[in-house]
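Read the structure below first, then the notes.
The values are calculated or read from the model by the stated rules, or taken from the named source; none is laboratory data. Predicted, not measured: the structure shown is a model, and the values here were computed from it. Cβ placement follows ideal geometry from the backbone for every residue including glycine, while neighbour counts extend to all protein chains displayed.
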């Protein structure tokens, strides 16, 4: 009897060990990384195919996504193909970045990519930070109706160059500087107009200025209000976005104004987290925008510092990814820049690879951790087209307009709702009560700075 029991026990142990081995092998197989709930990987920002392949080999055991985000290689389609082939052969999904690089012949490459890689080709990561650049950087617009070239500066000024050579600088402080060509003379005419009606002639125009008053210049000002600004934002890159959208899925990443990126036409917005922005707020903005517009969202773990070690520590990065996973994010990317240091894996250190591996094995593969388990039961509804940066109380609106009394009131309500509802808050724009999803039990509307429940 004892002998028979021992035999059965040995058989059970052998079967158990064998099954366990099969389970481990299956979890690490390329096929097992086809998890539609979570695409997990790294963004390669290096300059050589060899380094890209080395990074793929380093992470292929615990990720299923390779993002090619090389500034140098993006225009070398042969290198893009080589890295795409290598990533797909390793059982990964492939997402190449093309920054404002779109031309008619690009459709031929897209067609071949889809035929060759099939569902492993996720689409195109086209440009990035459209919202962030609108707030913080120089952005150029071309007005097809007037022929004017309009530059929004990082200081909030608008610089308009007309086809006839006249240049108008709308300063953030309200003054308007007018520059007119002087014909055959080497000296251009120059004047400054102030809101109070006074003018300062710096270099007089021989035949008088084309515009005589502050109001005349205000009448032709572009970006007069937030509604016009939002429309110009949507229209700016519409031809390229629509070109790509008709052929494949398009991704972008941003750290602000995600709602407006989606309206511009992007299918997926990857929110940049990690650099001293409130994670709860970023998730509220991303999840809210994607839910209302029926899109997918994800996160890019980006730099916390502008100098080494650049990335946050591994423990914090793991916590950020897990939080985003439990809140429903679908894409998880660790931004890996390559600078001039001796690290063959860019800015990623051992602890960052360990964090990625732990996230894959202990979160994504852990059936006890439910994807999207943390859902919003509350919503904060902001005014239509109110492109406020939301990073601090005095943050600019669309990078052009000063914060106002309404901004301060919304800021106060934002802090209260984030504190009260934390990760269960979504932030959206201009939705009527009847159009809101029923799961939003607590609803906060901001109309003209007034809170409504």
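Summary of values
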{"item": "Any hit, the stretch 427-436, residues being part of a loop (DSSP other than H, G, I, E, B), over 23 Å from residue 324 (Cα atoms) and touching a residue at least 24 places away in the same chain (Cβ under 8 Å)", "result": "yes"}
{"item": "The one condition in (1) more than 30 Å from residue 46 (Cα to Cα); (2) outside any loop (DSSP other than H, G, I, E, B); (3) in contact with a strand residue (DSSP E or B) (Cβ under 8 Å, 6 or more places away or on another chain) that residue 376 fails to fulfil", "result": "(2)"}
{"item": "Any hit, the stretch 319-329, residues being more than 21 Å from the chain's Cα centre (by Cα) and either under 30 Å from residue 65 (Cβ atoms) or not assigned by TED's automatic domain parsing to the domain that holds residue 71 (or both)", "result": "no"}
{"item": "Subset tally (residues that are within 25 Å of the chain's Cα centre (by Cα) and surrounded by 16 or more Cβ atoms within 10 Å (Cβ to Cβ)) for the stretch 48-78", "result": "17"}
{"item": "Residues located in the stretch 93-106, provided they are surrounded by 15 or more Cβ atoms within 10 Å (Cβ to Cβ) and more than 22 Å from the chain's Cα centre (by Cα)", "result": "106"}
{"item": "Entirely in the stretch 52-167, the helices (runs of 4 or more DSSP H) that have 3 or more residues that are assigned by TED's automatic domain parsing to the domain that holds residue 260", "result": "77-89, 106-117"}
{"item": "Condition check for residue 169: more than 30 Å from residue 396 (Cβ to Cβ) and within 40 Å of the chain's Cα centre (by Cα)", "result": "no"}
{"item": "Which numbered condition residue 174 fails, given (1) touching a strand residue (DSSP E or B) at 6+ places or on another chain (Cβ under 9 Å); (2) surrounded by fewer than 16 Cβ atoms within 10 Å (Cβ to Cβ)", "result": "(1)"}
{"item": "Top-ranked residue of the stretch 144-158 - restricted to ones that are over 23 Å from residue 388 (Cα atoms) and out of contact with any strand residue (DSSP E or B) (no Cβ under 6 Å at 6 or more places or on another chain), ranked as surrounded by the most Cβ atoms within 10 Å (Cβ to Cβ)", "result": "146"}
{"item": "Residues of the stretch 79-89 that turn out to be out of contact with any strand residue (DSSP E or B) (no Cβ under 8 Å at 6 or more places or on another chain), within 25 Å of residue 355 (Cα to Cα) and crowded, with 18+ Cβ neighbours inside 10 Å, as a count", "result": "1"}
{"item": "Some residue of the stretch 105-120 being free of Cβ contacts under 8 Å to residues at least 40 places away in the same chain and on the phi > 0 side of the Ramachandran plot", "result": "yes"}
{"item": "Residue 230 being more than 11 Å from the chain's Cα centre (by Cα) and crowded, with 16+ Cβ neighbours inside 10 Å", "result": "yes"}
{"item": "Members of the stretch 172-187 found to be in contact (Cβ under 8 Å) with a residue 12 or more places away in the chain and more than 42 Å from the chain's Cα centre (by Cα), listed by number", "result": "182, 183, 185, 187"}
{"item": "Scope the stretch 224-264; condition in a loop (DSSP other than H, G, I, E, B) and in contact with a helix residue (DSSP H, G or I) (Cβ under 6 Å, 6 or more places away or on another chain); matching residues", "result": "247, 248, 255, 256, 257"}
